[in-house]
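**Q** Shown below is the structure under consideration.
What follows draws every value from the coordinates through simple rules; no lab data is involved. This is a predicted model, so every value here is computed, not measured. Reconstructed Cβ throughout: ideal geometry from the backbone, glycine too, with neighbour counts over all protein chains shown.
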Amino acid sequence: MIEKRDNGYRVRVYHRSRYVASRSFRRKMDAEAWERRQKDALAAGTWVPPDDAAATVAEWIEIWKGTKSDSKPGTRAHRAGMIRNHVLPAFGRRPLSSIPPSEVESWAKKLAVEKSASTARHALSVIRGVYRLAVRDGVVHRNPAEGIKLPKMGRNEPRPLTHAELWRLAKTVPSDRDRVMVLVMGYSGMRWGEVSALRKRSVMPRGRVRLVEGYSDVGGKLHLGTLKDHEARTVVLPAVVADELRAWSSRYRDDQDLLFPTGNGKPLRNQNWRRSVLTPSLAAAKIKPITPHNLRDTAASLAIDAGASVVAVARMLGHEDAATTLRHYASLFPDDLGDVAKRMNAKARTARDGRTARPKAA
């Protein structure tokens, strides 16, 4: 019902004899239009309280962030950057109910062109997560970020070293600490944050190294945290490398001592080590420029060359599943489809001719 007031019109909406909402307008035509929209939404079962629907994206981002409190510092910092640099400037002040899917899609695809496909996907995931929460709570009835397809992210091709290059690099680096680090990374596939967090207690018998924690650099500060379930693992080193690691770890007395610290006992930083040790050593050894992460590529490549299955490589690298390993390292696995076809053909010919394969002699 619409009531005439001194300064305009007051709309009161009822549903099944119960009051549900009200709003004031200066013009009668605006009051009638709003009342009609509320009644249509109530009849269709899509109505939400007007005050909730008017909540801004920025307000709901804060609510959504509260559900992500268990994430690691690096993840939180990355998400905060996406929100600050991309999501809030585009949608922060807008009511949740005012953003159509076409606008979100246009924004995300523009990000993919002007920034990168990776940036677009991460920013879109924020909007999608915020709206999923709002839909779940009944504040809005659709998620404008669902079903949006973006260009595939470009894949960085692995840049592994050979066995010979890896050992040449190990012989060129300036210290025993760096030599052992290079060999451990090149044969285990540890991430930088994992190898920089290794302690004396990490080294186990029979060439095994237990990984349970890692460092992350967030805003220039190092944070030590436990690894995710699929990242926590035990890696096994070749005996020749395990011997060098065991000899190096014997220099330390306390199980809590870092194995590869700086001169003052602090954790090594990726960029510092790359600049002062890796880059000049590569040049001296006449090896193509690589990053510390490419030593992880090296471990994957050498394991595959030795005949390791994709599942074994995934476990070694701490990937969540074998599909992740294939996305990153498919080009390193041998293309043996020809051999597979030959073996299948032999079985097919046997079956076609009605013969059975002879059992092998004992």
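**Q** Taking R0 as 56 Å, what's the FRET efficiency between R159 and D137 from their Cβ-Cβ distance, rounded to 0.05?
**A** The calculated FRET efficiency here is 0.75.
**Q** Which links in K72/K152; K110/K152; K68/K110 stretch past 18 Å when you go from one Cα to the other?
**A** The pairs that break the limit, which is 18 Å between Cα atoms, are K72/K152; K68/K110.
**Q** Now for a different question. Put +1 on the Cβ of each Lys and Arg and -1 on the Cβ of each Asp and Glu in region 40-137; which of A120, A134, L42 then has its Cα farthest toward the positive end of the dipole?
**A** With unit charges placed on the Cβ atoms, the residue in question is A120.
**Q** So what are the ³J(HN,Hα) numbers for region 76-90, from phi and the Karplus equation (6.51, -1.76, 1.60; θ = phi - 60°), rounded to whole Hz, Gly and Pro as x?
**A** 5, 5, 5, 5, 4, x, 4, 5, 5, 8, 10, 7, 4, x, 8
**Q** Right, next: 7 Å from Cα along Cα→Cβ at both F333 and N264: what's the point-to-point distance in nm?
**A** Going by the 7 Å Cα→Cβ label model, 4.7 nm.
**Q** Could you pull out the trypsin sites (Lys or Arg not before Pro) across region 95-199 that fall in loop regions by DSSP (anything but H, G, I, E, B) with no more than 14 other Cβ atoms inside 10 Å?
**A** K115, R142, K149, K152, R155
**Q** So, one more: Report, in debye and to the nearest 20, how large the dipole of the chain comes out about its Cα centre when Lys and Arg carry +1 and Asp and Glu carry -1 on their Cβ.
**A** Around 380 debye, computed over the chain.
**Q** In whole angstrom, how far apart do the alpha carbon centroids of region 4-18 and region 66-128 sit?
**A** Centre-to-centre distance over Cα atoms comes out at 38 Å.
**Q** Could you list E103, E231 so that the one with the fewest beta carbons within 10 Å of its beta carbon is first and the one with the most is last?
**A** Ordered by Cβ neighbours within 10 Å, fewest first: E103, E231.
**Q** Just report the Cα centroid separation between region 210-285 and region 290-353, whole Å.
**A** Using only Cα atoms to place each centre, the spacing works out to 28 Å.
**Q** Which value, in debye to the nearest 20, describes the size of the charge dipole of region 2-47 about its Cα centre when Lys and Arg Cβ atoms bear +1, Asp and Glu Cβ atoms bear -1, and nothing else is charged?
**A** 80 debye
**Q** If the cut-off is a Cα-Cα distance under 30 Å, which lysines reach K171, setting aside same-chain residues fewer than 8 apart in sequence?
**A** List returned: K200, K266, K286, K288.
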